[in-house]
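Student: Below are the structure tokens for one structure; questions will follow.
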Amino acid sequence: MSKDINVHWGWLKFMYIFTIVVAGGFGLGVIFMPNVITSMYRMPKQDPIIFGIVGSVYLAFGILSILGLRSPLKFVPILLLQLCYKVIWFVGVILPPTSSFCRTIPNAWNIVYRHIRHLCYRRPNCNTFFLCFCKTSRSVN
């Protein structure tokens, strides 16, 4: 590897500090005060398992960013992972409802959801992985 790499250390450290404060703080809030977070951001009622996973991932980003302050280049994959998931989230979640082209074709996730929902309602007594997606009032054995 070449020794004349131009690294912007100030920006790198700023990104780690920003991740510690924002992602770590949000993760702590989601895990320890989920009702406060949902009311503060006016979020609809969330599934506690999924909401907890999201909080855990954000808190993990914050904790790993603390380590990134000590050795910034070793923990750059944490920042790249955040960049990738935010781009995917924007393209897959935010852009389709706002794009006129995407309104004319069915959303892939909507097709998957409808298929899983069909499987759940077609076999009401199933004890499979898909049972967690069923919205029924029946108790699970």
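Student: How far is it, in nm, from the label point at VAL54 to the one at VAL36 when both lie 7 Å from their Cα along the line to the Cβ?
Tutor: So the label points at VAL54 and VAL36 sit 1.8 nm apart.
Student: Extending each Cα 7 Å along its Cβ direction at LYS13 and VAL76, get the distance between those two points in nm, one decimal.
Tutor: 1.8 nm
Student: Right, here's the next one. From the backbone phi of region 35-43, what are the Karplus-calculated ³J(HN,Hα) couplings (6.51 cos²θ - 1.76 cosθ + 1.60, θ = phi - 60°) in whole Hz, Gly and Pro given as x?
Tutor: Calculated HN-Hα couplings, in order: 5, 5, 5, 5, 6, 5, 9, 6, 7 Hz.
Rule-based calculations on the coordinates, nothing more; no lab input. Please read these numbers as outputs of a predicted model, since none were measured by experiment. As a convention, Cβ positions derive from the backbone with ideal geometry for all residues, glycine included, and neighbour counts pool all protein chains shown.
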